[in-house]
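**Q** Sharing a structure with you now.
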Amino acid sequence: MLAAAESKVLKGPASGTGGGDRRNYSLKGRIVSTSRNLAHRGFSARRVPRTKLLAISVAVLASLSITAVAVAAGTTLSTGRANVRGKTRTVVVNSAGVTLYALSGERPPKLKCINSACFKFWLPYKVSATAKLTKSKGISGTVGRLRRIKAKFYQVMLNGRPLYAFVGDNGKRGSAKGDGIKAFGGTWSVVSP
C-alpha cells in the first residue's frame, strides 16, 4: 500500500508535463502510467469515467421508466388477436399491441378508476395533450382524449370510455387475463372493435 506522502504526490500532474497530461503521475520521482501500474496498488485509473457512466446509466434508466408508463406519442388504436377466457377473439390494442380494457359504467364525468390503487393494476393508456389520435380500419366509434386533472395526464378513450391495460398481461401481445375481473366499482372487459 502507498504511504500518505506518496498519495499526495499521486494527486498532482506528472513532473515535466507542464500540468496538462493527466494520464501519467509522479510517484516518488518515477513516472507511472495509471492504466498499467496504479490498479495493482489499489487506485482506479477509471474513477471519473465510472462516475460519469453511472450518472448516464441512471439517466437512461429514469427515461426508460418514464417511457414504460405507456405514454404514446402518436397513439393508434388497432385490432389484434387475444386469448380471452380460452377463446381467441379480435380486440382493440394499443400501439404496442397490448390488449385494452374498459370498466363497466365508467364514462366521464362518472369515473371509477381514479386513484393510484386502481392505476397500480389498471394502467391508463396515456397520451400527450397534443398527440394525434388515430384508429385503424375495423374499429368503430370515435377516439378521444380524457384529461385527468388530479392525476395530471391525458388518457385515450374509445366511444367515450377510458382505456386501460392490465398489469397482469405483462405487456404481452395476445394476453387478456383481465377480462371479467370485478374491481373498482365495475367489471373489466376487453374492448371489442
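**Q** Report whether or not Lys135 is surrounded by 13 or more Cβ atoms within 10 Å (Cβ to Cβ) and without any contact (Cβ under 8 Å) to a residue 60 or more places away in the chain.
**A** For Lys135, the condition - surrounded by 13 or more Cβ atoms within 10 Å (Cβ to Cβ) and without any contact (Cβ under 8 Å) to a residue 60 or more places away in the chain - is met.
**Q** Do we have any residue at all in region 139-150 that's in a strand (DSSP E or B), loosely packed, with under 15 Cβ neighbours inside 10 Å, in contact with a Phe, Trp or Tyr (Cβ under 6 Å, 6 or more places away or on another chain) and not hydrophobic (A, V, I, L, M, F, W, C)?
**A** Taking every residue of region 139-150 in turn, at least one turns out to be in a strand (DSSP E or B), loosely packed, with under 15 Cβ neighbours inside 10 Å, in contact with a Phe, Trp or Tyr (Cβ under 6 Å, 6 or more places away or on another chain) and not hydrophobic (A, V, I, L, M, F, W, C).
No lab work stands behind these numbers, since they all come straight from the coordinates. What you see is a predicted model; the values in this text were computed from it and never measured. Please note: Cβ atoms are built from the backbone with ideal geometry, for glycine as well, and neighbour counts cover all protein chains shown.
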